[in-house]
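Notes for the one structure printed next.
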Amino acid sequence: MEHSATGESSPPGSGLPSNHLRKHYIIALRRIIHSIRGFARLGAEEDYDDIYIIPSRSYQHVFSYIGQDVMETIQSEKQSLHCMDISESLESVHSTGRMALVYLTFAKADEVEAVTKHAEKLFSAPLRSTQFNQTHAPSIHLFVFGEFTDSIRSSLVMYQRRNAALPPINIAKFPAGFLSLDSDLLILGQTSFLFDLFVRNDYSALESVVTVLQEFQHLFGFFESVKCKGQLAITVANGLMACMEQKDFDRNKQGKKRRDRRYTLVLLDRSVDLVSPLMTPLTYHALLDQIYGNEDEFMHVDSTAIPVDPQAPTSFLQVPNDRAETFAEVLEFNSADPIFSQVRSSSIDKLPDMLKELALEMKCSFQRFQSTANSATISDIQKFVKTIPSEKIKQQKLEVHTKLAEDLLAIVHSNEFRSTWNLEREMGDASVDEDEVYQKLENRIISDISLTSIFRLICLFSLVRGGLAPKKIAQCNSLIQQKHGTIALQCIKRLLELGILKVRSNTRRNIELSEALVNFQLICKNLNLIELNACDHLAYVTGGYAPISCRLAEEIGRCGNWLEIDSTMKLLKGARVEMTTCTETRIQTTHSLKTRVIVVCVLGGITHTEIAGLRWLSTIYSCDFVIMATSICNSKTFLSRLIQDITNIEPTEQSENPN
């Protein structure tokens, strides 16, 4: 596996303006406070004397990388508003009058469970008698970003059963259509987007996407052009254009000046590129996600991966010194981490060298000060002292990423991982005999890999080889049923119905095989997807295969349209539309004044492999790529979300060895 691309992160300053993102969250929090007060008035009660905003760890992360603290801004607007860490001492809560607790979480079972436990401790008998005026029952509110799952509802039901005497938790949706996991990465929280559309036949998710895109334009400016591939993308674009026309009419009627447009929107159906989510990743962040799980930029890892500083207080980056008992620790990974921001998109094989370079830079910086210490002025010393806390944090982060890199490299260089990676390459290579590839696939099916990993491999095989022959799918069904039972066959039926697993018909077997296989090979050739020596090539993200979604976005970055690859676009699934919302003269004027920003919106989930690829493109083109998606997924979660009702797997669960 000679994949040696560096995969640098986006240049500093890329992404969306932080002041506009701050405004986005401030508006949402103001809406929450307004609704809380409306809740009090609805009950014919007086306004709250104290409101405590308690964000989960994920929400703290969302706000953390924005320059100024959003919570402090809101807090300064009203004296009775307080901000509290969910892990903070409960003794910090004091109120003698009406009080409301407002929890902010993602739609994840573990976060909601943490809320219920926090509320139970807060209203335990000792605290209730000393801290709260019992004549005023406190009010508890939970605002969730994302979709309510059965496990979330179950947690709230169990809380109420355990604590019948305590106030109920009032649950509502967080009043914002998207959250920013980084300045260039926005998620809509729709983890079951495809499941809702194609299994539940609930198309309201498409309306939600249109609303989010309107919200985006309100904050950042209008899209100067919209490029769509796939029927879902076209449906969303039509809804957006209808809204934009109405807004233009309203603005003209009111005599308001429109904002300058500098954004291009690229809308892609996940069905346009089903192969990329199923490929094994080879970038640092994508591997962390695939192996440990990295939901909403948080990751659960073994506590031994985190360095211990015996003189420092325990924090979310450190575990207690007593490690007699190993447990899972939660780590935060985003651009606020000065080390991670530089290495997250790098190829795993280049990662050790990059970490060594960063360690050497830190060492040289200290040595430079030592060499000039005798002649340093008081001002020089003061400047150096101010850097010590941040340098210490960088050192701790460097130790964490070095340990994680060692663990990942051990997995990547294992025989099991390499054999799976090589099998994927052979699947897409038309020169390798199909029966030979299928035999290796069959051997993987009867091995000890998980059911989801089996589904990943057979779906990938069927997509790149033009489908499975009826005889071979029957053999697969038999082997899978023997090992995993009849429930696995129900899952296979669902994947067949959704078109993610393809089977050739008996009547047109040879024609279908040749057409489908030739089409995939043509797509690979025309879009330059395959490059095993992936140095300075988009294919570095998987060690040989460039995601189709990234190539389509790159073409917009390179020449602004898909005209040059028109014949190849016709080979991909779904119709295509390219539309402009302003005149060519206006576009040229806008481009001359501002940096071009391409918003790539993937309907059905995006992987960290594709995110790394899009960030890499930002470093080589004179435009910024901003990533928007209904959710973040990996090969496991992509498939498990489509069969969640059969397997009872929560759509947010994800950590598993990629093999």
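In this rough spin-label picture, where each label sits 7 Å from Cα along the Cβ direction, the Lys173-Arg161 distance is 2.9 nm.
Here the residues Phe417, Phe223, ranked from fewest to most Cβ neighbours within 10 Å of their Cβ, fall in the order Phe417, Phe223.
Each Lys and Arg Cβ is given +1 and each Asp and Glu Cβ -1; about its Cα centre, the stretch 429-523 then shows a dipole of about 360 debye.
Exposure proxy check: Asp269, Asp202 ranked by fewest other beta carbons within 10 Å?
Arranged by neighbour count, lowest to highest, Asp269, Asp202 become Asp202, Asp269.
Each label point was placed 7 Å from the Cα along the Cα-to-Cβ direction; for Lys363 and His34 their separation is 5.7 nm.
The Cα center of the stretch 342-367 and the Cα center of the stretch 152-201 differ in position by 38 Å. Taking each residue as 0.36 nm, the span from Ala373 to Ser80 lengthens on full extension beyond its C-alpha to C-alpha distance by 100.6 nm. When each of Cys476, Cys243 is scored by the number of other beta-carbon atoms lying within 10 Å, the sequence from fewest to most is Cys243, Cys476.
Quick note: the coordinates plus some simple rules give every number you see, no bench work behind them. A quick note: this is a predicted structure, and the numbers were derived from the prediction, not measured. Glycine gets a Cβ as well: all are built from the backbone with ideal geometry, and neighbour counts include every protein chain shown.
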